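Peer 1: Okay, handing you the structure first.
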Amino acid sequence: SDGSIRLHQMTSEFPLMQWNDSTKGQPITALQWAGTRPAVFFALDASSNIYIWDLLENDLLPVAKQTIPSKKVVTMTLLGEPEKANGLLGIVLAKESGQIDIQYVKKKWALP
């Protein structure tokens, strides 16, 4: 609820990494790992900002932030086939209006 993200290992109650205030205090409404690139995850905050984290490139801050300017985004999910090395990774955005958008991610965040 405060924008903090914690990375846990299943065998420990303590986080391996913790990023406080990663969204400037905005609640995180969705977070998902990229199935095509294990070190990359995406976070959506309550203000319709998507943060892209690539832990191999930078483990302190997101490597990119994209604001969705139109209608409020309420949730997201990722599309991709990890068994195929074609570099396609999409983000499905569900908006408050009921509209669904699909956007494709740059290959540098999608390729294994």
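The values are calculated or read from the model by the stated rules, or taken from the named source; none is laboratory data. Owing to the predicted nature of the structure, the values given are computational and were not obtained by experimental measurement. As a convention, Cβ positions derive from the backbone with ideal geometry for all residues, glycine included, and neighbour counts pool all protein chains shown. Accessible surface is based on the protein model in full, side chains and every heavy atom, while ligands, DNA and RNA are left aside. Shrake-Rupley method; radii C 1.70, N 1.55, O 1.52, S 1.80 Å.
Peer 1: If I compute solvent accessible area with a 1.4 Å probe over the protein chains, what percent of it on the chain is carbon and sulfur? Write down the numbers at each step before the final one.
Peer 2: Values: 3670 of 6760 Å².
With neighbouring chains kept in place, the figure for the chain is 54 percent.
Peer 1: Quick one: compute the contact order of the stretch 38-112, relative version, from alpha carbon pairs under 8 angstrom and 6+ residues apart, as a percent.
Peer 2: It rounds to 22 percent for the stretch 38-112.
Peer 1: Moving to a separate point now. Around Ser48, what is the net charge, scoring Lys/Arg as +1 and Asp/Glu as -1 over all other residues with Cβ under 14 Å from its Cβ?
Peer 2: +2
Peer 1: Hey, another quick one. Heavy-atom accessible area per residue, the chain, 1.4 Å probe: how many Å²?
Peer 2: 60
Peer 1: Using just the alpha carbons, could you tell me how many Å³ per residue the convex hull of the chain encloses?
Peer 2: 108
Peer 1: Could you please state, rounded to a whole Å, how far the C-alpha centre of the stretch 1-52 is from the C-alpha centre of the stretch 55-109?
Peer 2: Between the Cα centre of the stretch 1-52 and that of the stretch 55-109, the gap is 13 Å.
Peer 1: Which value in nm describes the separation of the simple spin-label points at Phe14 and Glu96, placed 7 Å from the Cα toward the beta carbon?
Peer 2: Each label point is offset 7 Å from its Cα along the Cβ direction, giving 4.1 nm.
Peer 1: Further question: Using per-residue counts of other Cβ atoms within 10 Å, averaged over each peptide, order 103-110, 5-12 from highest down.
Peer 2: 103-110, 5-12
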